[in-house]
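The structure appears below as structure tokens.
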Amino acid sequence: MIDRYAVIGHPISHSKSPLIHGLFAQATGQTLEYTALEAPLDGFKATVESFRAQGGRGLNVTLPFKLQAFEIATDPMASARLAGAVNALKFEGDRILAQNFDGLGLVNDIQRNLGVSLAGKRVLICGAGGATRGAIVPLAEQKPAVIAIANRSADKAHGLKADFSALVALQTGGYEDLAGESFDVVLNATSTGLSQAALPLPTGVFAPGALAYELVYGKGLTPFLKQAQAAGVIRIADGVGMLVEQAAEAFEWWRGVRPDTQPVIARLTVPLV
Ligand code: NAP
């Protein structure tokens with residue numbers, strides 16, 4: 001029987017994961033099937049069980065099931081435990097192993113693909129949702145000078161500061177608290193890239209030579225990236241590299257083979273214009 005993998009979410013038809021993993025399998029000579037699986041909103045666990053019963057070996061998990069995937073895991077790895085959310089599952093007998101590769105994918109894209117070292121840098125994350133939660137520890141492991149988190153509802157950012165206090169000292173607040181501060185790496189981990197809303201970022205938030213990184217991908221110049229350009233930022237990127245890098249981590253975890261990400265990133269990149 002062919003080894004079966006899938007991405008599970010709701011909705012799921014937009015997902016690039018079948019294309020990405022299909023390209024990885026082709027390039028590495030791995031024989032597998034990778035499909036998109038839409039679970040009913042109230043049927044995540046049943047859909048996973050049915051996939052396993054039919055010989056499923058692993059799943060990528062996307063919205064809105066990343067927290068439910070954590071709940072069904074028998075063996076959550078450190079990346080999943082620290083994020084409290086899961087984006088990849090591996091089935092081994094009765095065990096359900098769980099990982100969260102989003103943060104590592106982000107760090108790999110920034111450092112390896114974009115060539116920006118995070119060590120000693122001042123890093124700002126806009127947003128305090130699931131993507132930010134998953135990114136905090138992988139970012140902190142690179143030893144930046146500061147990790148600041150700003151969110152529309154400042155209380156949610158303060159909540160992250162409390163949750164991660166044993167591991168990393170975070171600077172948290174609302175956007176108004178950023179006045180007078182500047183950062184070398186500014187990450188937009190809000191969903192505003194999808195809704196075309198702008199963030200109330202104070203002028204001067206981008207330090208000279210800063211990287212402005214939009215986690216949303218495939219949308220061209222989002223309001224955040226336009227704000228960065230208007231402030232004189234030259235280095236801008238969207239999250240296509242993060243998407244492909246987290247997929248590569250999952251592929252290696254499942255198959256024991258590291259795929260080359262560059263051709264896949266090139267294939268999926270939408271110009272930032
Ligand atoms: P989430 O948990 O739903 O969090 C959304 C965040 O956006 C919250 O902080 C929310 O602030 C903020 N927000 C929404 N609308 C806003 C507005 N109009 N003004 C200011 N802030 C606003 O989402 P998530 O899972 O963290 O994902 C965030 C984005 O990252 C998504 O759009 C997703 O596409 C992208 N992402 C990309 C990758 C990748 O591989 N490239 C991976 C993961 C996620 P409040 O708390 O105040 O509501």
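Every number in this text was worked out from the coordinates using simple rules, so none of it is lab data. Just so it is clear, the model here is predicted, and its values are computed rather than measured. With ideal geometry, Cβ positions are generated from the backbone for all residues, glycine too; neighbour counts draw on all protein chains shown.
Here K16 is the anchor, and the lysines within straight C-alpha reach of less than 20 Å, apart from those fewer than 8 places off in the same chain, are K66, K90, K219.
When a/c reaches 1.5 or more, the comparison of a/b and b/c decides; with that in mind, is the range 103-238 rounded, prolate or oblate per its Cα gyration tensor?
Values: a/c = 1.36, a/b = 1.16, b/c = 1.18.
In terms of gyration-tensor shape, rounded.
For the range 172-265, the share of alpha carbon pairs falling in successive 10 Å distance bins from zero is 16, 40, 27, 14, 3 percent.
Under the combined filter of DSSP loop state and at most 15 neighbouring Cβ atoms within 10 Å, the range 235-273 retains none of its GluC sites (Glu not before Pro). Note on A266 and R112: their simple-model spin labels are 1.7 nm apart, each label 7 Å out from Cα toward Cβ. Of interest is the spacing of the C-alpha centroids, which for the range 81-155 and the range 1-67 amounts to 22 Å.
Using the Cβ of D163 as centre and a radius below 15 Å, the other residues enclosed give a net charge of +3, where K and R count +1 and D and E count -1.
Which value does Rg/Rh take for the chain over its C-alpha atoms, Rh per Kirkwood? Could you put the intermediate results ahead of the total?
On the way: Rg = 18.5 Å, Rh = 19.1 Å.
Rg/Rh for the chain comes to 0.97.
Using just its DSSP H runs of length 4 or more, each adding -39500 (n - 2.57), the chain gives a mean residue ellipticity at 222 nm of -10000 deg cm²/dmol after division by all residues.
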